[in-house]
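Where a number appears in this text, it was derived from the coordinates with a stated rule and is not lab data. Keep in mind it's a predicted model, so treat the numbers as computed, not measured. Cβ: placed from backbone, ideal geometry, glycine included. Neighbour counts: every protein chain shown.
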Amino acid sequence: MAKVKMTKKSLKIDMAAMCDVSFLLLTFFVMTSTARLPEPVEVNTPASTVQIKLPDTGIATITVADERAYFGAVGQDTRVLMLEKMGSRYGLTFSEQEKQRFSLIESFGVDISELRGLIALDGADRMKPGVQKGIVLDSTSTQLADWIKSAREANAQLLAEKDVPKKERRDLDIAIKGDADEDYPTIKKVIDILQKEGKNNFFLVTGLRGEDF
């Protein structure tokens, strides 16, 4: 009996649709993702299982490393008003150009007397090691407390200018981002400053434990 000969057919898969979907997904992630901006100091946050997302607006972050603090507030309008209020407190006047440049600085850590020099630097130069030595945390300096106070006042003023109803106005949230190797007394100094300013609720920034990824 003769064997039946099977006709071999070439299989061709059209990948055009797959490529279109891949590019659409890539475009989506590029457009919706947030780039991690450089910070004046790198910290390794302690591990935790808590997965609470920080607010996108109305928040300021205090980064603590090497017994110094670095401060940053979200929102360009908030930063400009905050700078103006700090200028009034310390008898300093900033030009419109300096205010605009400062509004682009996410986080900083210098003495108020060195702030104008920091603003004048390019972004890459600001992040060079040793340029920002942090805000002193001791009993002789109230600068961190004044930055916190100025940021809260700026946030409240902006909410009022936007005609947000009083019952819906939220005080500026504060997040503490401390290095895992930082001594607890340094973190406690920051907490004490917040409590003296009447800010008893705040976030602690942590990273996920390796096994929780």
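Under 16 Å from a label point set 7 Å out along the Cα-to-Cβ vector of Ser139, the amide N atoms of region 172-188 belong to 186.
Its Cα gyration tensor gives region 47-212 an equivalent ellipsoid; the semi-axes, largest first and in whole Å, are 24, 21, 16.
Per residue, the convex hull spanned by the alpha carbons of region 104-169 comes to 119 Å³. Counting every other Cβ atom within 10 Å of each residue's Cβ, Met127, Met86 order from fewest to most as Met127, Met86. Across region 60-169, the relative contact order, built from alpha-carbon pairs under 8 Å that are at least six residues apart, equals 33 percent.
Any of Lys167/Lys199; Lys99/Lys177; Lys162/Lys199; Lys53/Lys85; Lys149/Lys188 with alpha carbons more than 20 Å apart? Name them for me. Violating the 20 Å limit, Cα to Cα: Lys99/Lys177; Lys162/Lys199; Lys53/Lys85. May I ask for the distance between the Cα centers of region 170-187 and region 96-138, given as a whole number of Å? Here the two parts' Cα centres lie 20 Å apart.
Out of all DSSP beta bridges in region 47-212, what portion is antiparallel? Express it as a percent rounded to 5. Antiparallel bridges: around 45 percent, rounded to the nearest 5.
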